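Here is the structure we will look at.
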Amino acid sequence: MSNEDLSRREALGGGTAAVLAGLGAAVAVSGVGREAQAQPSPSDAAKLNTLLRAEYDAILTYGIAETYLMSPDMTDAQRAQAATVREVVSYFKEHHTAHAARLSTLVTTLGGTPVGRGEVLQATIPAGFRATVDNLIKLAANKEKRAAIEYIRALQTISSATAAELVAAIGGIEAQHFIALYLVGKRVFEIPAMMPMVQALAPRPFVALTDATATASTLAGLDNIPFRP
């Protein structure tokens, strides 16, 4: 078996975990919706705003990564992978932009004032951080993992059924992002078919199967992983 076949197999194994994480969040939505209070708590908007700030931070972080990956340092050991990693970074940035837009709209619906993009001007970067292809992958993976945990925590206290559904949906995607980036960091995706695999791991910005915009095509990737002939 070739190295590429091994990489594909390992990636698909990770894909199974990612899909289960996303579907688990979607399943959790149904239970939360039945038990949530009829009237949302005034604190729901504030909790969503905290998550919205994190989404803006993610967008800024991926923006920093895009800029570096467009012209990586000549001494960067992973310079050759910069272009393909940048595709992933741009793809996930689009997801976070969609998350921020949906959260902002819902904060307004709940009677709150959404945090504006102008209120989050700089990404949170660890002290002494040095931009390299490898370090940027790890930085993004750490942020996605932290975000997935924060969405789970928020889900435990959100009282609005609508907000709970959105929080669960986005949290599932953050988990999928983390798994994909973890595999990228292990160099699993140093193969030509990297982006199709990443898109299979995280096929769309939301995993809520009750989403009115969900169609058979947009849910592609949440189906079964095909067996090898």
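General observations
- Accessible area of segment 74-178 belonging to carbon and sulfur atoms, whole % at 1.4 Å probe: 54
- For Leu121, Leu110, Leu69, the ranking by accessible surface with the largest value first comes to Leu121, Leu110, Leu69, using a 1.4 Å probe.
- Whole-Hz ³J(HN,Hα) from phi, Karplus 6.51 cos²θ - 1.76 cosθ + 1.60, for segment 143-152, glycine and proline x: 5, 5, 5, 4, 5, 4, 5, 5, 5, 5
- Surface accessible to a 1.4 Å probe, His95 within the full protein complex, Å²: 10
- Projection of the Cα convex hull of segment 36-112, averaged over all directions and equal to a quarter of that hull's surface, yields 6.1 nm².
- A crude spin-label estimate for the pair Thr113 and Ser71, with each label 7 Å from Cα along the Cβ direction, gives 4.0 nm.
- Sites Ile149 and Ser90, calculated FRET efficiency, Cβ-Cβ separation with R0 35 Å, nearest 0.05: 0.90
The values are calculated or read from the model by the stated rules, or taken from the named source; none is laboratory data. The structure displayed is predicted, hence computed values, not measured ones. Positions of Cβ are generated from backbone atoms using ideal geometry, with glycine treated the same way; all protein chains shown enter the neighbour counts. Heads up: the accessible areas ignore ligands, DNA and RNA and are worked out on the full protein's heavy atoms, side chains in. Shrake-Rupley method; radii C 1.70, N 1.55, O 1.52, S 1.80 Å.
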